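**Student:** Take a look at this one; I'll ask things after.
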Amino acid sequence: MSAIEKRRERERAQRHQLIIAAARELAEAEGWDAVTTRRLAERVEYSQPVLYSHFSGKDAIVRAVALDGFVELSTHLRRARLANPEPPHALRATGRAYLAFAAERPALYQAMFVMPTDVKFAHAETPPPLRACFEEFVSCFRPDNARRELFAEVVWSALHGTAVLADSGRIPPEGQEERLDLLVTRFADTPG
């Protein structure tokens, strides 16, 4: 690859990330309905055809934002788990990190879990960042627990439900710690 081709590839990757960042910022500020290719083109100062050369439309942009979010989430979960390596403490810290992530980045969380995308969970085509998030939950359970993956699925599902219900105002957000305590108490040391 020539130096010119490498530079063009770098510039394309930078434009790609700029579009994703702009979509995230706009969604967090005004909601996903405000994210249109026209608004993004204005925001990043590129034409709509340039945006379409990177993404086929809004669904593709949401998917890219979601995948970036999973990379970010797996980093937060890993940091929390490693700072509290023992299983009961790891589960509590990871759950707390998950709920904080969802509360602090509601539009990003929506792209990752609520909005329709073609991102597949628990499937052969599951992208590595999603697998990394799941492995952080699995790692919160003792290696000798034969059902640790099942427990991780149930815990993640419960945390997701808690995050979505709190964000929508259907349950009071101030009860998050008590909900997390109940979840950890029920699953942390349950034999597999």
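**Student:** In square nanometres, what is one fourth of the surface area of the convex hull spanned by the alpha carbons of region 92-150? All intermediate terms of the calculation are to be shown ahead of the outcome.
**Tutor:** Values: hull surface 19.1 nm².
If you wrap the Cα atoms of region 92-150 in a convex hull and average its projections, you get 4.8 nm².
**Student:** Also, quick follow-up: Which stretch or stretches of region 129-150 have amide N atoms under 13 Å from the point lying 7 Å from VAL71's Cα along the Cα→Cβ direction?
**Tutor:** 129-130
**Student:** Follow-up. Taking every pair of alpha-carbon atoms in region 92-192, give the share separated by more than 18 Å as a whole percent. Mind dumping the intermediate values first?
**Tutor:** Values: 2475 of 5050 pairs.
So the portion of pairs separated by more than 18 Å is 49 percent.
**Student:** Could you give the angle, 0 to 90 degrees to the nearest 10, between helix 87-104's Cα long axis and the longest principal axis of the Cα atoms of the chain?
**Tutor:** Tilt relative to the chain: about 40 degrees.
**Student:** What does the highest-first list of 77-84, 25-32, 132-139 look like by mean Cβ count within 10 Å?
**Tutor:** Values: 77-84: 17.9, 25-32: 15.2, 132-139: 20.9.
Packing order, densest peptide first, comes out as 132-139, 77-84, 25-32.
**Student:** Turning to a different aspect of this structure: Got a sec? How would GLU153, GLU5 order by Cβ neighbour count within 10 Å, fewest to most?
**Tutor:** Details: GLU153 16, GLU5 9.
Arranged by neighbour count, lowest to highest, GLU153, GLU5 become GLU5, GLU153.
**Student:** Also, quick follow-up: What ranking do THR126, THR75, THR94, THR162 get, fewest neighbouring Cβ atoms within 10 angstrom at the top?
**Tutor:** On the way: THR126 13, THR75 16, THR94 29, THR162 21.
Going from sparsest to densest Cβ surroundings: THR126, THR75, THR162, THR94.
**Student:** In µm²/s, what is D for the chain at 25 °C and 0.890 mPa s, where D = kT/(6 pi eta Rh) by Stokes-Einstein and Rh is the Kirkwood radius from Cα pairs? Walk me through the numbers on the way to the answer.
**Tutor:** Working: Rh = 18.1 Å.
My calculation gives 135 µm²/s for D.
**Student:** What FRET efficiency comes out for GLU174 versus PHE121 if R0 is 30 angstrom and r is the Cβ-Cβ distance? Round to the nearest 0.05. Mind showing how you got there, number by number?
**Tutor:** Details: r = 30 Å, r/R0 = 0.98.
Efficiency computed from Cβ-Cβ geometry: 0.55.
**Student:** Another question about this same structure. How large is Rg/Rh for region 1-69, to two decimals, with Cα atoms and a Kirkwood Rh? Could you put the intermediate results ahead of the total?
**Tutor:** Details: Rg = 12.5 Å, Rh = 12.3 Å.
We get a ratio of 1.01 for region 1-69.
**Student:** At each listed q (0.18, 0.21 Å⁻¹), what is the log10 of I(q)/I(0) that the Debye formula gives for region 38-145 modelled as equal alpha-carbon point scatterers?
**Tutor:** Debye curve over Cα of region 38-145, log10 I(q)/I(0) at q = 0.18, 0.21 Å⁻¹: -0.90, -1.09.
**Student:** Now for a different question. Over region 1-55, what is the relative contact order in percent, taking alpha-carbon pairs closer than 8 angstrom and at least six residues apart? List each step's numbers first, then the result.
**Tutor:** On the way: 22 pairs, mean separation 15.2, N = 55.
Normalised by residue count, the contact order of region 1-55 is 28 percent.
**Student:** Which order results if TYR52, TYR98, TYR109 are arranged by neighbouring Cβ count within 10 Å, fewest first? Mind dumping the intermediate values first?
**Tutor:** Details: TYR52 13, TYR98 25, TYR109 22.
Fewest to most other Cβ atoms nearby, the residues stand as TYR52, TYR109, TYR98.
Laboratory data are not the source of any read-out in this text; all were calculated from the coordinates shown. Remember, it's a predicted structure, so these values are computed and weren't measured experimentally. So basically every Cβ, Gly included, is an ideal-geometry build from the backbone, and we count neighbours across all protein chains shown.
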